[in-house]
1. Which residue is surrounded by the most Cβ atoms within 10 Å (Cβ to Cβ), if the candidates are limited to the stretch 77-115 and must be under 18 Å from residue 147 (Cα atoms) and hydrophobic (A, V, I, L, M, F, W, C)?
2. Scan the stretch 8-38 for residues that are surrounded by fewer than 18 Cβ atoms within 10 Å (Cβ to Cβ) and farther than 18 Å from residue 137 by Cβ and jot them down.
3. Taking the residues in the stretch 116-127 that are of a type in the set (S, T, N, Q) and more than 17 Å from the chain's Cα centre (by Cα) as candidates, determine which candidate is surrounded by the most Cβ atoms within 10 Å (Cβ to Cβ).
4. Only one of these is loosely packed, with under 12 Cβ neighbours inside 10 Å and in contact (Cβ under 8 Å) with a residue 24 or more places away in the chain: 130, 151, 192, 169. Name it.
5. Can you name the helices (runs of 4 or more DSSP H) wholly within the stretch 128-208 that have at least 1 residues being touching a Cys at 6+ places or on another chain (Cβ under 8 Å) and within 22 Å of residue 107 (Cα to Cα)?
6. Within the stretch 46-74, how many residues are closer than 20 Å to residue 155 by Cβ, of a type outside the set (Phe, Trp, Tyr) and over 14 Å from the mean Cα position of the chain (by Cα)?
Amino acid sequence: MQYKWLNRNNNKKLIVFFNGWGMNEKIVSNLAFEDFDVLTFFDYRTFEMPDFDFSIYEKKYLIAWSMGVYVCNVFYDKLKNFDRFLAINGTQNPIDDNFGIPVLAYNMTIDNFNELTCKKFMKKISSVVDLSEFNTRSLAELKQELISIRDLKAKQYLSFNKAIISNKDRIFPYKNMVNFWQEKKVQIIEKDGYHYLFDQYKNWGDLL
């Protein structure tokens, strides 16, 4: 797992952002920081987090997108005391016929993964934004990330406060996301858009 401080300016508020599969930190480069320090995690081939001292912040927020909504739970002990948890187009049961990406579809993506299928997959993430600059790892690395996520077993789950879901999401079926978050009794905010929707926001505060 990789990490990068997008903004570290001794602010009193922190946002930790768990990215989606296959992306790098540039996926949210359009968002203004305002008065937030922002730390992002991505590349889920391994799952290790440095020993950051989050206690120095007065307010701490977790924002997770896509597969990041699941991966963040592995670090439950380090994140459980955050003030607010926001999920974007993902669930905590990400490979599931009723609550996530259907099992067969996910496994077929791995089995048939190549340059062409990868390009088609990126097109499904967003039909309006070219994501090629946000996807800079090799095909072998991207496939390994898919496998690592599938094999990951979270033991405890964070309590999300709000879930933003897109009605045209072609990665996580809209109905499955509704099923999951309704069962968890989490507030759902529906957006008109695709799996990638950060182009609809101007700053991090807008998301919160």
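The values are calculated or read from the model by the stated rules, or taken from the named source; none is laboratory data. The structure presented is a predicted model; accordingly, all values stated were derived computationally and were not measured. FYI the Cβ positions are ideal-geometry reconstructions off the backbone, even for glycines, and counts take in every protein chain you see.
1. We begin by selecting, within the stretch 77-115, every residue under 18 Å from residue 147 (Cα atoms); these are 90-97, 100-115.
Still in the running and hydrophobic (A, V, I, L, M, F, W, C): 95, 101, 103-105, 108, 110, 113.
Details: 95: 19, 101: 22, 103: 12, 104: 9, 105: 13, 108: 12, 110: 14, 113: 17.
Per the criteria, the residue is 101.
2. Listed by number, the residues that qualify are 8, 9, 10, 11, 12, 30, 32, 33, 34, 35.
3. We begin by selecting, within the stretch 116-127, every residue of a type in the set (S, T, N, Q); these are 117, 126-127.
When the remaining residues are screened for being more than 17 Å from the chain's Cα centre (by Cα), the result is 117, 127.
Values: 117: 15, 127: 12.
Per the criteria, the residue is 117.
4. Working: 130 fails: in contact (Cβ under 8 Å) with a residue 24 or more places away in the chain; 151 fails: in contact (Cβ under 8 Å) with a residue 24 or more places away in the chain; 169 fails: loosely packed, with under 12 Cβ neighbours inside 10 Å.
Going through 130, 151, 192, 169 in turn, just one is loosely packed, with under 12 Cβ neighbours inside 10 Å and in contact (Cβ under 8 Å) with a residue 24 or more places away in the chain: 192.
5. Details: elements: 139-151, 174-183, 204-207.
It comes to 139-151.
6. 4
A quick yes/no check of all residues on (1) closer than 17 Å to residue 27 by Cβ; (2) modelled with pLDDT under 95:
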position	(1), (2)
63	yes, no
67	yes, no
71	yes, no
90	yes, no
93	no, no
99	no, no
116	no, yes
